[in-house]
Structures are given as C-alpha cells and as structure tokens.
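Shown next, in structure tokens, is the structure this report addresses.
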Amino acid sequence: MKTKESGLLLIILLALFSTASAEPTPRSGYALAFDSRRRCVMLYGGVDGRQQRLGDLWKWDGTRWTELKGAGPGPRLDAQMTYDSRRGRLVLFGGMGEKTRQGDTWEWDGDAWTQVEDTGPGARRGHVMAYEPSRQRIVLFGGLTAATAVRDT
C-alpha cells in the first residue's frame, strides 16, 4: 500500500512540476511593443541562433508567455512594431524577409493580423517607430533600404 501511495504522489508531483511552459525561443532582431489596452507585451519575429527567420507572435502578461497562432506578416527580422492607443492596434512595418526588405504594414487587433494598404515609406529594416499620443500618429525614423541608410521621418 505504501508503494502505491508513493507512486501516486510521484505522478501528481510530476504532473504539477514537469509541465513545460511555452516561451519564445532565444532570438535577436525581433519587434516588441506594449499593448496598453490588453496590458501585455507583444513580441514578433526575429532570427534564432541558426539565422532562421521567425514569424511567430507571443504575448507576455507579466507572468507567462502565450503564443498567438494565425496567419500574419511572415518570417522577418528587424521589423518594428508600436501600439496605436487611439485605435487599440499593434502596427508592424517593414523588416527583412527571407530574401528581401519588406515595405508592408500589418495591424494586430488582438485577434488577427490584417495587412493594410499604405502609401508610407519604402521597404527597409532597422528603423524605429513610436506612437505619438499628442498627435495620435505613428512616427517612423530611418533604417536601411536596399541601397543605403536613410534618415527620413
């Protein structure tokens, strides 16, 4: 009887403590933004240690990571993302895809990605973006185009 109880206790302890929590793989060149409406940090893409482009979206709620599945911008590194607090959306622009720089804009509404039409800046990577609440606009600066480093806003 003692052996069965010990075995059952071991099974319970293993179930409690051996459940691996999901988390993003180590990476660089990712996009990161704070979603103030949903009160979480959002991480997108980047490149892993094998130089494999990533196209995954993760949410950090202050306690744990959760991967959010669904079609989206695709694998890329050096994209930028910011949170538009007026519209309650994350906005992602640019980055380096598998072979070329990207000039597309995507929005995450909390449930799904949507590619939006834009007449914004040309394809680039390594730029910076921020939401300016006083003007309720997203500001983008600089980056690397196929030909050169740029200083446009």
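The values are calculated or read from the model by the stated rules, or taken from the named source; none is laboratory data. Note that this is a predicted model, so its numbers are computed, not measured. Glycine gets a Cβ as well: all are built from the backbone with ideal geometry, and neighbour counts include every protein chain shown.
Pairing each residue of region 24-43 that is outside any strand (DSSP E or B) with any residue that is polar (S, T, N, Q), provided the two are 6+ apart or on different chains, yields C-beta distances under 8 Å for SER36/SER85; ARG37/SER85. Every listed requirement among (1) of a type outside the set (Val, Ile, Thr); (2) surrounded by fewer than 16 Cβ atoms within 10 Å (Cβ to Cβ); (3) under 14 Å from the mean Cα position of the chain (by Cα) is met by ALA147 save one, (3). When the strands (runs of 3 or more DSSP E) confined to region 55-138 are screened for residues that are within 16 Å of PRO24 (Cβ to Cβ) and at pLDDT 95 or above, those reaching at least 3 such residues are found at 65-68.
SER85 fulfils the conditions (1) over 18 Å from MET129 (Cβ atoms); (2) surrounded by 14 or more Cβ atoms within 10 Å (Cβ to Cβ); (3) polar (S, T, N, Q) except for a single criterion, (1). When GLY45, GLY62 are screened for being of a type in the set (Gly, Ala, Ser) and under 13 Å from the mean Cα position of the chain (by Cα), only GLY45 passes.
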